[in-house]
1. Would you calculate a helix-derived [θ] at 222 nm for chain C, using -39,500 (n - 2.57) for each DSSP H run of n ≥ 4 and dividing by the full residue count, to the nearest 500?
2. Using alpha-carbon pairs under 8 Å, 6+ residues apart, how would you state the relative contact order of region B:122-239 in percent?
3. Which whole-number percentage describes the relative contact order of region C:6-157, with Cα contacts under 8 Å and a sequence gap of 6 or more?
4. For helix C:6-28, report the angle its Cα long axis makes with the longest principal axis of the Cα atoms of chain C; keep it between 0 and 90° and round to the nearest 10°.
5. Taking the Cα centroid of region B:13-56 and of region B:274-305, what is the distance between the two, rounded to the nearest whole Å?
6. With a ≥ b ≥ c the root eigenvalues of the C-alpha gyration tensor of the protein assembly as shown, is it rounded (a/c under 1.5), prolate (a/b larger than b/c) or oblate?
7. Sorted by packing (mean other beta-carbon atoms within 10 Å per residue), highest first, where do A:13-19, B:306-312, A:50-56, B:109-115 land?
8. Provide the packing ranking of B:384-392, A:38-46, B:95-103, B:352-360, i.e. peptides ordered by the mean count of other C-beta atoms within 10 Å per residue, highest first.
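Quick note: the coordinates plus some simple rules give every number you see, no bench work behind them. As the structure is a prediction and not an experimental result, all values here were calculated from the model. Ideal geometry is used to build each Cβ from the backbone, glycine not excepted, and the neighbour counts take in all protein chains shown.
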């Protein structure tokens, strides 16, 4: 039974390594960006998994059952990991937009997205 | 409470908030007039500088300060651990913040004429101010996740600034390289923060430092954090983004990028000395963790020095040479910090003079942060001035500039002497501290440091000879001296360099020693938040 | 980008108001239910981007100027920092929630448990959500608009 709860963590590690593989070994710039996105999703999944508490109540104030609020306020989950994930998603969007617009400019200059052909003049 | 006390109380958030407010007001102000916009940015940064001075005076006299966002006491709502975002300011923070504000003001002053002919300048100023904000945030914050957010802001804005010359291939390459490396580094850091949160249920640095056990996960966290921050600060194996980014961005941007790099270094210091500060001499292992960290950091530092110096010797591009020198200078700082850690670990049974030597190394390393920012910065400003006047950066197509650009030549000479650690300049003071102390740790380190410093001198004498001396090149006959605002910026840096070079004790006694003590004294940082201890 | 077929345009016309209302609901109720400025702003911005895709970039460029959207973006950020500064002015601390349980309008302590969504219970949080929402709508839309502009420039060159 305890094994099942480890599955998300295995998925996290797998996603991070898949992403690193894509960044390190793929030759296409867009595929590198996809790799970074996969790493980021892995880290976000990790944070979300940390936030899971067995038997916890969703910390939405207006929809929590009133007996939970009255009797066991501690069973409401502290939503810090969710807030962290959200912030990290927002940052991820900004980084993604920046990288894609850089790629657009690079494609305009070189006419290709292959890393081997995109090389600044050596001196 | 009079107004001065009020300002002192609220200065930590204002130091971050004033540049942030200015950043978003700039696009609106620039609808009026260009000069109004430039003046506005400059004045707001000067106000920030005033706030930095007030805060610095307060912290250096009264000790560590905290500021909790949205609430009064450090521990609102009666919790055992701080849940709100808070700033914690000690002398080390003050040291870095002062460096940053100097860099920021000079950068704005320099870009007044340097960037005049470019378009999209209101966005340029916005992004510069956002970068300054993020550097301040990284330095002031006492919260790990907040640190990550500011780190990411600095990554994004630096990348946008590196790609400022969108029409150039090299700057696009450099920006893409930078954003890939720094976002991977930042994700490492986020993962590490998640691991720490999972174990200790806290994001506050002091709380984590108080609770840390040095378990298996903590070792992974340490590796991830140091790797991520070393990527950001351009230590040897991860240095490849740095020369490209420094050499292909505008000179004013490079000047402030040096500050961003040093903020990454500051983060590394915080991690090693504050979060893991009490675990450096953990006795549960065959040897002290501090010794291992110290040896690794020292090795990487020496590697950085070697790579920086030798690659700088090989290049024929002016800005690339300075950029590789910047790698070498980062190496000097890490060498000093690693030497302190080794000295600390060796001193434990009965060898106190090792700790004394290590402390000197730490002071030298911290002092070198200030000196590196100014020296490398001045050289980049001169490179920008040469580029502004001639539109060339290659050594082969430049020559005889001293005839027409005499002030620039003098400033380059000052920067040259300072970078290679010659006596009347500030680089001498900090490098001497590093040589002396590393000699006691291991003579080889100090010999390598001295030899590489001499080779730096050789590099720059070659540059000086081929750019400023020699026969006049016909195409450069009509070169004019650069505008006054650029000269003023360079003169300001040169004056600070000479002042520090002549009176190094003033800076060491008033800024560097408190900073080194703040780093060494982990307990007081923790007990300010957690209490008791 | 040229405009798409009539079916797509009609369907996006029908869907657009619902997306807008849902997005503004998510922004406005950010302090009560999951959501907030960023999420709602992203929903609204994607609604606008749907129109961009359906009607083509030339049609949108006639209607909207990028510079005006940038002003909105700046105003959103200024609003956020401004609220924080008001906290310093009126509440005594930066980011202080000076409106909550205060004055006539906000003097409501919400009942525990399942209640009607009372809007004026969280002080400055809705204001900050609005500011972030404005910024995110303008920001995300500007990003996509500029990308569309760049690609249409390339098509025009060819």
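1. Working: 5 runs with 103 residues, N = 158.
The helix contribution divided over chain C gives -22500 deg cm²/dmol.
2. Values: 112 pairs, mean separation 27.6, N = 118.
Rounded, it is 23 percent for region B:122-239.
3. 31 percent
4. So the inclination is approximately 20 degrees.
5. Measuring centre to centre over Cα atoms gives 41 Å.
6. Verdict is oblate for the protein assembly as shown.
7. Descending mean neighbour count gives B:109-115, B:306-312, A:13-19, A:50-56.
8. Working: B:384-392: 20.1, A:38-46: 21.8, B:95-103: 24.2, B:352-360: 17.9.
Packing proxy ranking, top to bottom: B:95-103, A:38-46, B:384-392, B:352-360.
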